[in-house]
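What follows draws every value from the coordinates through simple rules; no lab data is involved. Computed from a predicted model, the values in this text were never measured in an experiment. Virtual Cβ from ideal backbone geometry, glycine too; neighbours counted across all protein chains shown.
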Amino acid sequence: MPHGSLVAEIDRYAAAVPIVLVSDRAAPAIEALSAIRFAGIVWRDDVPRRLVPSIREAVVHTRYRTMARRVGAAQLPPLLTRALVLALRTAGGEPIRKPAELAAALRCSPITLSQEFRRAVGGAFTLDDFLGAIQVMRVSQLRAVRTPWADVEDVVRFTVRSIRRKATRWPGCTLKQLQMIDPGELRRRFEKERLARLLDCAS
């Protein structure tokens, strides 16, 4: 297969399936592959330390994108749809902290956005609760790969005290208990207790 065709084929595959590229730092193909949206890149000398965490992160991003597609297909108000899709697409990296930050990204009123969300879920919980649950899931993912608390704080941009308070609100546990919950199980709880309610109300 010609070089250009191979790159195009990889790019089409990467759009549907997360790919973690393992390469030498000075590999001649790196420049040709730079336009492909890989889920992660691991240098060969970092494989023992970075490969497994990178694969886990790629899986997490894929699951959040799946949730975002479900929200995008639901019968929700257009502004709220855009907001929640954005919140879910960024959840596997640096999650959005609060409704005001989400509203600023969309150039809309945080009050309007929060009111639309509350109506969409029938007042069952708030937009801040929804975002807080996403942040708790991100903390769970980071701690599962033994990320130091100082680095966790840098990613979610909250102190441990704030994280503890959010975990108490959802899923209703201490930080010690949170670290004993498998991140996959926590994600399933989020889909059942938060996302499903949102989608059920929209149907």
Notebook entry, point to check: Is there a residue in the stretch 89-107 that is closer than 14 Å to L198 by Cα and out of contact with any strand residue (DSSP E or B) (no Cβ under 7 Å at 6 or more places or on another chain)?
Noted result: no
Notebook entry, point to check: Out of the stretch 175-192, which residues are free of Cβ contacts under 8 Å to residues at least 24 places away in the same chain, closer than 21 Å to F117 by Cβ and surrounded by 13 or more Cβ atoms within 10 Å (Cβ to Cβ)?
Noted result: R189
Next item on the list: Please specify each residue of the stretch 82-98 satisfying the condition of being buried (at least 19 other Cβ atoms within 10 Å of the Cβ) and more than 18 Å from F190 (Cβ to Cβ).
Entry: none
Check: In this structure, is T112 of a type in the set (S, T, Y) and surrounded by fewer than 16 Cβ atoms within 10 Å (Cβ to Cβ)?
Finding: yes
Note to self: Please go through (1) under 11 Å from the mean Cα position of the chain (by Cα); (2) without any contact (Cβ under 8 Å) to a residue 12 or more places away in the chain for G92 and return the number of the only condition it doesn't satisfy.
What the structure shows: (2)
Next item on the list: Pull up the stretch 161-174, narrow it to residues that are among the β-branched types (V, I, T) and surrounded by 14 or more Cβ atoms within 10 Å (Cβ to Cβ), then point me to the one that is nearest to E185 (Cα to Cα).
Entry: T168
Item checked: Residue in the stretch 142-157 that is part of a helix (DSSP H, G or I), free of Cβ contacts under 8 Å to residues at least 60 places away in the same chain and either within 25 Å of R82 (Cα to Cα) or hydroxyl-bearing (S, T, Y) (or both) present -> no
Note to self: Show the residue pairs meeting these rules: Cβ distance below 7 Å; 6+ apart or different chains; first residue within the stretch 97-114 and within 20 Å of A133 (Cα to Cα); second residue surrounded by fewer than 17 Cβ atoms within 10 Å (Cβ to Cβ) and of a type outside the set (S, T, N, Q).
What the structure shows: R97/R157; L102/L86; A105/L86; P110/A100; L113/L79
Check: polar (S, T, N, Q) and part of a helix (DSSP H, G or I) - does that describe any residue in the stretch 167-183?
Finding: yes
Next item on the list: Would you check if there is a residue in the stretch 76-97 being acidic (D, E) and either within 26 Å of Q179 (Cβ to Cβ) or assigned to a loop (DSSP other than H, G, I, E, B) (or both)?
Entry: yes
